[in-house]
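Accompanying notes for the structure given below.
What follows is calculated from the coordinates using simple rules that are stated; it is not laboratory data. No experiment lies behind these values; they were computed from the predicted model shown. Cβ placement follows ideal geometry from the backbone for every residue including glycine, while neighbour counts extend to all protein chains displayed.
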Amino acid sequence: MESILDVLRSVPWWAYVLGFLGLVAIRDIFFQRAHTISHNFPIVGHLRYWLESIGPEMRQYFVANNREELPFNRFERGWIYASAKKENNYEGFGTDRDIYAHQHIFIKNRMMAYKVPEQHPNTTDASFVPCAKVIGAYNKRRKPFRPSSAINVSAMSFGSLSAAAIEALNKGVAKANAYHNTGEGGLSPYHQKGGDVVFHFGTGYFGVRTPDGNLSMEKLKQLVEENPCIKAIEIKLSQGAKPGKGGVLPGAKITQELAEIRGVEVGKDVLSPATHKAFDNVPELLQLIEDIAEETGLPVGIKGAIGKLDQWEELAELMVDTGKGPDFITVDGGEGGTGAAPPSFADHVSLPWVYGFSSLYKVFQRRHLTDRIVFIGSGKLGFPAKAAMAFAMGVDCINVAREAMMSIGCIQAQVCHTNRCPTGVATQNKWLQKGIDVP
């Protein structure tokens with residue numbers, strides 16, 4: 001035995017390296033057919049794939065300038081990180097943005113700044129910027145809701161995000177007097193840490209579904225009765241990331257806890273269909289809104305990414321004729337969001353937020369309906385200038401998603417759909433989640 005060890009010790013280190021590379025080359029040439037590059041160029045092919053895998057990080061940190069990266073550039077991310085940590089979020093020596101560029105946002109300042117009255121609540125509570133309207137007031141819902149903050153956390157489900165991320169966001173909205181939209185994954189214990197909640201469901205009806213995948217009014221009513229933190233209900237028609245297409249939550253993310261909350265099977269891919277089972281047309285949607293409001297007493301709204309306007313026109317006409325309708329409408333932008341989606345949908349389906357919202361708002365404005373509806377904007381509006389623009393266009397509240405994710409550590413790795421989020425924000429991996437310090 002000692003002689004064998006002596007022989008092994010006498011072999012130079014580079015011989016082991018060459019031997020290992022030789023085995024890799026043999027494997028590439030003779031035993032794998034999945035990758036042509038590795039077959040034709042063993043060893044070098046692996047280097048090529050490795051460099052490609054870290055390409056996004058290389059461009060993000062060393063190649064792209066401060067303003068050109070998408071979906072959020074380095075300056076935007078830096079501003080969020082500094083603000084979240086209560087660090088210096090100023091910049092010096094003037095802006096590096098091209099202020100003559102097309103679609104640059106200008107805010108026209110007054111000659112003399114507006115003076116806030118001494119007794120105004122905002123002078124004592126910097127977070128006190130409430131929604132100007134009461135959701136559900138016009139339709140006389142039994143439990144109308146006035147959001148205490150005009151800036152809130154958008155629909156991101158437990159499952160897509162981790163338990164630690166959901167808990168951190170909910171504790172954050174409790175401090176800010178904001179609300180937390182559950183996303184379509186159902187109400188989890190992590191949504192119940194003190195913040196107001198808007199319960200959101202989509203075509204999968206997770207958390208309030210029947211065994212055959214339809215909406216259970218009884219489960220929805222029971223959920224609202226048992227959880228007073230739920231202040232409103234939102235029906236998702238479509239979302240900016242993938243309008244017209246259902247969602248997929250990979251089986252690798254479906255833990256026992258997730259399965260119980262959503263009412264699905266452990267370890268099995270969860271498919272949300274593209275369309276709803278609970279209604280097939282606009283009159284049926286309107287009736288469902290009224291049924292839910294009657295059963296729960298809560299305001300009920302709808303969320304959609306905007307494309308064709310014909311069915312929105314039909315909804316507005318029905319609202320004029322019946323005096324009924326959604327208490328709020330959340331407009332999502334085609335810029336995409338936290339949901340994973342095929343590039344063909346994320347890049348090309350539905351209008352960007354500015355065009356979508358302005359087109360939709362006019363539909364209701366022409367019929368003098370805008371005072372009856374609370375309009376909520378969602379789609380990269382979490383920065384001061386974009387928020388000011390959205391409010392000027394007619395929005396009453398703003399929902400932020402990715403900006404909120406970055407405030408708790410997201411680095412825009414864009415691997416949310418793989419369960420390998422390096423920051424623990426968008427993964428069910430327990431080890432990675434430990435990177436988030438919730439308090």
To the nearest 10 degrees, how steeply does helix 384-393 sit against the main Cα axis of the chain, on a 0 to 90 scale?
40
Could you please report the charge total around SER160, scoring K, R as +1 and D, E as -1 over all other residues with beta-carbon less than 11 angstrom from its beta-carbon?
0
So, how do all the Cα-to-Cα distances of segment 23-158 break down into 10 Å bins, in percent, from 0 on up?
8, 16, 23, 19, 14, 9, 7, 2, 0
Whole-Hz Karplus couplings 3J(HN,Hα) for segment 101-118, θ = phi - 60° and coefficients 6.51, -1.76, 1.60, Gly and Pro as x, run 5, 4, 6, 5, 8, 10, 10, 7, 7, 6, 4, 10, 4, 5, 9, 6, x, 4
Just add up the charged neighbours of ARG67: K/R +1, D/E -1, any other residue whose Cβ is under 11 Å from the Cβ of ARG67.
-3
Here are some pairs, LYS268/LYS324; LYS231/LYS362; LYS133/LYS221; LYS140/LYS219; LYS86/LYS434; LYS221/LYS430; which of them have Cα atoms lying more than 30 Å apart in this structure?
LYS268/LYS324; LYS221/LYS430
If one computes the Cα centroid of segment 246-263 and of segment 189-207, what distance in Å separates the two points?
14
Largest first, please: the extent of the C-alpha atoms of segment 114-433 along each principal axis, to the nearest Å.
49, 48, 41
For the chain, calculate the relative contact order in percent as a whole number, restricting contacts to Cα pairs under 8 Å that are 6 or more residues apart.
15
About the Cα centre, charge dipole magnitude for the chain (Lys/Arg +1, Asp/Glu -1 at Cβ), debye:
620
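Taking Cα pairs under 8 Å and at least six residues apart, what relative contact order does segment 1-106 come out at, in percent?
10
Which of GLU68, GLU118 comes first, and how do the rest follow, when ranked by fewest Cβ neighbours within 10 Å?
Values: GLU68 10, GLU118 7.
The most exposed by this proxy come first: GLU118, GLU68.
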Report, in deg cm²/dmol and to the nearest 500, the calculated mean residue ellipticity at 222 nm for the chain, where each DSSP H run with n ≥ 4 adds -39500 (n - 2.57) and the sum is divided by the residue count.
-10000 deg cm²/dmol
In whole Hz, the Karplus estimates of ³J(HN,Hα) for segment 214-220 (6.51, -1.76, 1.60; θ = phi - 60°; x where Gly or Pro) are 9, 7, 9, 5, 5, 5, 5
Quick one: net charge around ALA176, please, counting Lys, Arg +1 and Asp, Glu -1 for every other residue with C-beta under 12 Å from its C-beta.
0
When the Karplus curve 6.51 cos²θ - 1.76 cosθ + 1.60 is applied with θ = phi - 60°, which whole-Hz ³J(HN,Hα) does each residue of segment 426-439 get, with x for Gly and Pro?
10, 8, 9, 5, 4, 5, 5, 5, 5, x, 8, 8, 4, x
